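Trainee: Here you go, one structure.
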Ligand code: GLA
Ligand code: ZN
């Protein structure tokens, strides 16, 4: 078990006292209200640059000194942010290079946030300088417990500095060998051969968007730029405050940064969770959110993560901002903890009075007092999570893994061909995840370069791109007794989207799966085709591979079209393990049926076999606690096959227990 940074669940969120600087009595009221709401932490300074450094080299820290002192005096910890998410006017007035340039070549004006060039030496220097001063001033402040680096890193810049940096990055990537790049990018196609590194420009619609290797390289470069920007930010913090952990808040499944790579640089992974609750599909929202929690938990070997933001009520940026019903916020908080979060944090503490986010939910509304439904909900959540300290720091030891890989996401989005309308790599991974969630079996979500060896079962849906070494690692895993499931369009290309020759799946994987793949069919909505698995019939959705079984055993076959009778699902014994190939997509029951048969065959058990939950309930074990969550609209029953203690009420439970709609149980 890794070192836990806290001994309690962190409860709090974004706090912007600088918006209330004219009314410092509100700061005192905030302290009173935070204690009342059982809030023990607040994240400060997130967008505060203009007030921290109102003129170049002129600093104003008094307000932050006061706030941190007040917080400490009231027992509230600080998550202290670096302010690079937005900059003061003077900086872009004096140094326009800090502003981002759009794909069309036009430099942005001052405005919004996250609007900066990642390469700009001036911006990097300014950020380092500011962070050094913050670390020197507050590194020993007793309230400061964690660094919150910037805010939701995102975006890309197409300025000349970035173009040059991209070219330099490519030189390293392709060993300073332009012929190698031309070959790897297949540049004899359409006369795309480059003769000088300076000819390579970022992808853009008035230039090049059809070269998928260029698109992939640019994605990697932008992602690496964010990571090096982050490293630049934390350099002074590591030096001055080596004991204060750093995090950067991630945005769900945002594709602009390879979070699986960046996570390695963080002490604690954190993410901002905004499901669209109560818009008619809480079942799917809760499934996808469970998946995303597991993505983040898996990034550092099952170590706890932080839910850095969530809304205590509604948001303001959905097309229609529905109020979530009472209790959903608390249920959502319990889900986060159940999946490995050591925090429940909100955006934001006090609702802004003006500008863009004044209608975004907050713990304290414009009325300013505690007598609101939302404040009561948050307070109840705060009280409830105080009972859960036992899980803090606890890690998870899953036996099943789903491969979801950021680079494969880029690759499946970038190629042209097959079913261009329905790629949906993420959706397919969630479909393969759902059967395990439904059965209370904890599942890691891992990149393709993770260690497969610790899992009994690894499922890699639509793993179209195999980066260097991956096929060898799959082969080794299965040879050593592992169980690996692949689906249609697996192992087609390498890291530059260059097809493997000799047919799919790539090279030695043909032996592992005992099949040979010949063609891929894509189905328009009005063309129906069917396939079987273990005798049951399924409709094919979007895409299917036409395969030949060599050594593999056939578990199903196609029913229609010229490939009727050919295999649709196979399994192959390879050395000490087994490899399944599911050659078609079905977005209804197929994943569940295949997983059920795998679970039975491999003897995979639920995390807590003493509980039987009705469909629709989510059951998650974390540490010694068992969470039973009901995201549905109707009451559901769990059957407890032994005595449990209800952690919230201390009541002893056994037998059938009802969980109300939107309700939950925590059992011990
Ligand atoms: C993001 C940001 C916050 C705030 C919220 C609103 O997650 O990090 O600053 O804008 O969205 O939902
Ligand atoms: Zn730039």
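The values are calculated or read from the model by the stated rules, or taken from the named source; none is laboratory data. Bear in mind that the values here come from a model prediction, so they are computed numbers and not experimental data. Every residue, glycine among them, receives a Cβ derived from its backbone with ideal geometry; neighbour counts consider all protein chains shown.
Trainee: Does the stretch 603-610 contain at least one residue that is at pLDDT 95 or above, surrounded by 17 or more Cβ atoms within 10 Å (Cβ to Cβ) and out of contact with any strand residue (DSSP E or B) (no Cβ under 6 Å at 6 or more places or on another chain)?
Mentor: yes
Trainee: Could you tell me whether residue 409 is crowded, with 21+ Cβ neighbours inside 10 Å and not assigned by TED's automatic domain parsing to the domain that holds residue 269?
Mentor: Answer is yes for this residue.
Trainee: Please state which one of 154, 225, 150, 198 is under 29 Å from residue 416 (Cα atoms), in contact with a helix residue (DSSP H, G or I) (Cβ under 9 Å, 6 or more places away or on another chain), at pLDDT 95 or above and in a loop (DSSP other than H, G, I, E, B).
Mentor: The conditions single out 154.
Trainee: From the residues in the stretch 124-147 that are buried (at least 23 other Cβ atoms within 10 Å of the Cβ) and part of a strand (DSSP E or B), which one is nearest to ligand 2 (Cβ to nearest atom)?
Mentor: Once the filter is applied, the top-ranked residue is 147.
Trainee: Based on this model, can you work out whether residue 57 counts as free of Cβ contacts under 8 Å to residues at least 12 places away in the same chain and either surrounded by 14 or more Cβ atoms within 10 Å (Cβ to Cβ) or closer than 22 Å to residue 135 by Cα (or both)?
Mentor: Considered against the rule, which asks whether it is free of Cβ contacts under 8 Å to residues at least 12 places away in the same chain and either surrounded by 14 or more Cβ atoms within 10 Å (Cβ to Cβ) or closer than 22 Å to residue 135 by Cα (or both), residue 57 comes out as yes.
Trainee: Let me ask something else. Hey, among the residues in the stretch 202-254 that are in contact with a strand residue (DSSP E or B) (Cβ under 6 Å, 6 or more places away or on another chain) and over 18 Å from residue 85 (Cβ atoms), which one's surrounded by the most Cβ atoms within 10 Å (Cβ to Cβ)?
Mentor: 244
Trainee: If I filter the stretch 304-323 for residues that are away from ligand 1 (no atom under 16 Å from the Cβ) and either in contact with a helix residue (DSSP H, G or I) (Cβ under 7 Å, 6 or more places away or on another chain) or not in a strand (DSSP E or B) (or both), do I get at least one hit?
Mentor: Yes: one or more hits.
Trainee: Only one of (1) touching a residue at least 60 places away in the same chain (Cβ under 8 Å); (2) crowded, with 16+ Cβ neighbours inside 10 Å; (3) away from ligand 1 (no atom under 16 Å from the Cβ); (4) more than 17 Å from residue 41 (Cα to Cα) is not met by residue 152, so which one is it?
Mentor: Condition not satisfied by residue 152: (3).
Trainee: Any residue at all in the stretch 559-569 that is touching a residue at least 40 places away in the same chain (Cβ under 8 Å) and in a strand (DSSP E or B)?
Mentor: Among the residues of the stretch 559-569, at least one is touching a residue at least 40 places away in the same chain (Cβ under 8 Å) and in a strand (DSSP E or B), which makes the answer yes.
Trainee: Quick one: how many residues across the stretch 87-123 are in contact (Cβ under 8 Å) with a residue 60 or more places away in the chain, within 30 Å of residue 343 (Cβ to Cβ) and surrounded by fewer than 20 Cβ atoms within 10 Å (Cβ to Cβ)?
Mentor: Of the residues in the stretch 87-123, 1 are in contact (Cβ under 8 Å) with a residue 60 or more places away in the chain, within 30 Å of residue 343 (Cβ to Cβ) and surrounded by fewer than 20 Cβ atoms within 10 Å (Cβ to Cβ).
For (1) modelled with pLDDT of 95 or more; (2) away from ligand 1 (no atom under 16 Å from the Cβ); (3) surrounded by 15 or more Cβ atoms within 10 Å (Cβ to Cβ), each residue gets a yes or a no:
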site: 16; (1), (2), (3): yes, no, yes
site: 27; (1), (2), (3): yes, yes, yes
site: 31; (1), (2), (3): yes, yes, yes
site: 46; (1), (2), (3): yes, no, yes
site: 49; (1), (2), (3): yes, no, yes
site: 66; (1), (2), (3): yes, yes, no
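Trainee: If you don't mind, another one. State whether the residues of the stretch 9-21 include one that is touching a residue at least 40 places away in the same chain (Cβ under 8 Å), within 16 Å of residue 382 (Cβ to Cβ) and either part of a loop (DSSP other than H, G, I, E, B) or within 16 Å of ligand 2 (Cβ to nearest atom) (or both).
Mentor: Checked the stretch 9-21: at least one residue is touching a residue at least 40 places away in the same chain (Cβ under 8 Å), within 16 Å of residue 382 (Cβ to Cβ) and either part of a loop (DSSP other than H, G, I, E, B) or within 16 Å of ligand 2 (Cβ to nearest atom) (or both).
Trainee: Here is a list: 276, 263. Which entry is farther than 18 Å from residue 79 by Cα, at pLDDT below 95 and assigned by TED's automatic domain parsing to the domain that holds residue 126?
Mentor: 276
Trainee: Going by the conditions given, is residue 447 over 16 Å from residue 582 (Cβ atoms) and in contact with a helix residue (DSSP H, G or I) (Cβ under 7 Å, 6 or more places away or on another chain)?
Mentor: yes
Trainee: On to the next question. Determine, yes or no, whether residue 169 is within 16 Å of ligand 1 (Cβ to nearest atom), at negative phi and buried (at least 18 other Cβ atoms within 10 Å of the Cβ).
Mentor: The answer is no for residue 169.
Trainee: So residue 592 fits all but one of (1) within 26 Å of the chain's Cα centre (by Cα); (2) outside the structural domain of residue 479 (by TED's automatic domain parsing); what number is the exception?
Mentor: (2)
Let's see how each residue does on (1) farther than 30 Å from residue 64 by Cβ; (2) at pLDDT 95 or above; (3) surrounded by fewer than 22 Cβ atoms within 10 Å (Cβ to Cβ); (4) over 29 Å from the mean Cα position of the chain (by Cα):
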{"residue": "165", "(1), (2), (3), (4)": "yes, yes, yes, no"}
{"residue": "176", "(1), (2), (3), (4)": "yes, yes, yes, yes"}
{"residue": "181", "(1), (2), (3), (4)": "yes, yes, no, yes"}
{"residue": "185", "(1), (2), (3), (4)": "yes, yes, no, yes"}
{"residue": "194", "(1), (2), (3), (4)": "yes, yes, yes, yes"}
